[in-house]
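Following: one structure in structure tokens, then a few remarks.
The values are calculated or read from the model by the stated rules, or taken from the named source; none is laboratory data. Treat the numbers as computed from the prediction; the structure is a model and nothing was measured. Counting neighbours? That spans all protein chains shown, and the Cβs are built from the backbone with ideal geometry, glycine included. Each accessible area value is taken on the protein alone, full model and side chains, heavy atoms only, with ligands, DNA and RNA left out. Shrake-Rupley method; radii C 1.70, N 1.55, O 1.52, S 1.80 Å.
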Amino acid sequence: MSNAGKMPDSRGTSAPVQRREIGAWAFFDFANSGYTTVVLTTIYSTYFVAVIGAGMEAAQPGSATFAWTLSIGAANLLVLLCGPVIGAIADRRASKKRFLLLSTTLCVGSTALLALAGPDQLQFAVVCLIVSTIAFSIGENLIAAFLPEIATSDNMGRISGYGWSLGYFGGLLTLSACLAYINWAEARDMAATHYVPVCLFITALIFAVTASPTFIWLRERATPMPSAPNLSYVRAGLDRVVLTLREATHLPDLFRFLLCLTLFQSGVATVVVVAAIYAQQVAGFDSQQLIVLIMVVNLTAAIGAFAFGQAQDRFGSVVSLRAALLIWIAAIFVTQGVDSAGGVWLAGNLMGLAMGATQAGGRALVGQLTPHSRNGEIFGLWGLANRAAAIIGPVSYGLIIDATSGDYRFALYSTLAFFVVGLILLGTISEQRGRAAALLDEQAT
């Protein structure tokens, strides 16, 4: 990847961006993807329902799935409350990298602790799950806030897509390591209560090791902003967030897109946390089949992230995202009619293609519509939108599952609705108008 040139930092100065720095930024997506792939999507989600919550699931079908989605929702509610404040504080103190290191350490540690939760130890598992999800999500917000500092509006789609694409290969690496261990363990008649905890340790270790380049080479370009006397950073952060929300009329396309993103990400978040459970409960996939499916879907998602990143810079973010949402809608229709393994494979790969596109495209469009001096703050709001989505989508799905005693197909209608309404709202957003508004806001700061 070529040099990004001289980029303005949050104080309006310039600093050269090296290729290795862009690579180090993107490599964090590689590092943290193992957590989402193993813990939230594939191995641990099904283990939580089948082993950790086995007692409650036997008493009431669907209740363990509801407990899973409720735990994810609770974690994201806490991130929703504190994410924008942490972003604003990171801007004011010019400490995004320091906060990123803390959140990474906490996620790695709590993922390792999650391995200690045995059958029916639901409370301990839920606590570790919530802590690790909070730490992971805060880290996502912070790494995204570096994007406008290392990319221009002309190459932001490509760089964001490069990061997401690399991230899916990170998930693939972690899944491959876990699958190799599972094959070894099952050949020796070891149960899931043995090999799933080991997979969690593998995930934590790979995250810790592969995140290292980010902390070695990624620079903190922002400079600290002065604070009023006797005003705490938390209060200053809260005041800044409130001011940003009050000034939403100055950045209408940005805030409209954050609402749009909340809607379609509600659908994405639901798929991420229940896809493996759905494939297991509806199509009868076993652990190895699930892992192989998700590995292939990761490759599809990497292709989607890279290809749509290129398309985004050439045809525009809104056009590219509209195409991705149409693929999502088609994938949900296929999933609702699944009656064979082949149907699951088709739906899964459509979802992978669309997921890479929407995740890379959404992050890049927020970056394009954001004033440079508010990177951490606005990406805190971007994180807030994602966290709201991670509450609304999975919890609504879980409520329907619980109310219908495990009707997984019917619950998909709520997921479909999120994509359809998001597609409609996306049609009201103008990239050119939004970029112009961000420039005016930057000049007024």
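I want to confirm something. Restricting to the range 280-312 and keeping residues that are open to solvent by less than 10 Å² (accessible area, probe 1.4 Å) and touching a Leu at 6+ places or on another chain (Cβ under 6 Å), which single residue is modelled with the highest pLDDT?
So, considering only residues that are open to solvent by less than 10 Å² (accessible area, probe 1.4 Å) and touching a Leu at 6+ places or on another chain (Cβ under 6 Å), the one modelled with the highest pLDDT is I291.
Among the residues in the range 206-215, are any in contact (Cβ under 8 Å) with a residue 40 or more places away in the chain and assigned to a loop (DSSP other than H, G, I, E, B)?
yes
Y168 versus (1) under 30 Å from T370 (Cα atoms); (2) modelled with pLDDT of 90 or more; (3) open to solvent by 10 Å² or more (accessible area, probe 1.4 Å): which is the lone unmet condition?
(2)
Across the range 313-340, which residue is farthest from G383 (Cα to Cα) among those that are open to solvent by 50 Å² or more (accessible area, probe 1.4 Å) and part of a helix (DSSP H, G or I)?
F333
Hey, T370 hits all of (1) at pLDDT 80 or above; (2) not in a loop (DSSP other than H, G, I, E, B) but one; which does it fall short on?
Just one mismatch for T370, condition (2).
Go through the range 8-46 residue by residue and tally those that are open to solvent by 10 Å² or more (accessible area, probe 1.4 Å), at pLDDT 90 or above, over 16 Å from the mean Cα position of the chain (by Cα) and not small (G, A, S).
1
Residues in the range 107-121: is at least one under 30 Å from T370 (Cα atoms), open to solvent by 20 Å² or more (accessible area, probe 1.4 Å) and in a helix (DSSP H, G or I)?
Within the range 107-121 (the criterion being under 30 Å from T370 (Cα atoms), open to solvent by 20 Å² or more (accessible area, probe 1.4 Å) and in a helix (DSSP H, G or I)), the answer is no, since none of the residues qualifies.
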